[in-house]
1. Consider residue 46 carefully, then state whether it is surrounded by 10 or more Cβ atoms within 10 Å (Cβ to Cβ), outside any loop (DSSP other than H, G, I, E, B) and modelled with pLDDT of 85 or more.
2. I'm trying to understand the selection: among the residues of the stretch 1-21, which are assigned to a helix (DSSP H, G or I) and among the small types (Gly, Ala, Ser)?
3. Scanning for something of a type in the set (Gly, Ala, Ser), at negative phi and exposed (fewer than 11 other Cβ atoms within 10 Å of the Cβ), does the stretch 2-24 turn up at least one residue?
4. Run down 57, 90, 66, 31 and say which single residue is in contact with a helix residue (DSSP H, G or I) (Cβ under 6 Å, 6 or more places away or on another chain) and either closer than 30 Å to residue 13 by Cβ or at pLDDT below 80 (or both).
5. Considering only residues of the stretch 34-43 that are surrounded by 11 or more Cβ atoms within 10 Å (Cβ to Cβ) and in a helix (DSSP H, G or I), which is modelled with the lowest pLDDT?
Amino acid sequence: MTGDLRRWAESRGYRVAWGPVTLFDVARNELERRRDEGEIEEDFFRKNLQFDQTPALFRTACDRILVVAMPRPAHSVEFTVGSQSLRAVLPPPAAV
């Protein structure tokens, strides 16, 4: 099944990974740390990244989680820092 899943993802340009359900908590803790340190804005976090504790269903129904990532087009974003405007491409293009 592992090979089939990888081939399915690769044929669509996706990436796939899986691991213990505890990774859900690791991801949440990392996002919260970044929010607390000011790396992620509170409003953005609340609207887009906040999630409850690992659902009890996850812990009782399975011991692994599956994550599928699909490519998205890059976006140009402008930040104003003091009197300067900085433009960034998110996500940054991959090095060739």
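1. Numbers: surrounded by 10 or more Cβ atoms within 10 Å (Cβ to Cβ): yes; outside any loop (DSSP other than H, G, I, E, B): yes; modelled with pLDDT of 85 or more: no.
The answer is no for residue 46.
2. Taking the stretch 1-21 and keeping what is assigned to a helix (DSSP H, G or I), we get 2-11.
Within the stretch 1-21, 3, 9, 11 qualify.
3. For the stretch 2-24, residues of a type in the set (Gly, Ala, Ser), at negative phi and exposed (fewer than 11 other Cβ atoms within 10 Å of the Cβ): present.
4. Values: 57 fails: in contact with a helix residue (DSSP H, G or I) (Cβ under 6 Å, 6 or more places away or on another chain); 90 fails: in contact with a helix residue (DSSP H, G or I) (Cβ under 6 Å, 6 or more places away or on another chain); 66 fails: in contact with a helix residue (DSSP H, G or I) (Cβ under 6 Å, 6 or more places away or on another chain).
Every option except 31 fails the conditions.
5. 42
The values are calculated or read from the model by the stated rules, or taken from the named source; none is laboratory data. Since the model is a prediction, treat every value here as computed from it, not as a measurement. Glycine gets a Cβ as well: all are built from the backbone with ideal geometry, and neighbour counts include every protein chain shown.
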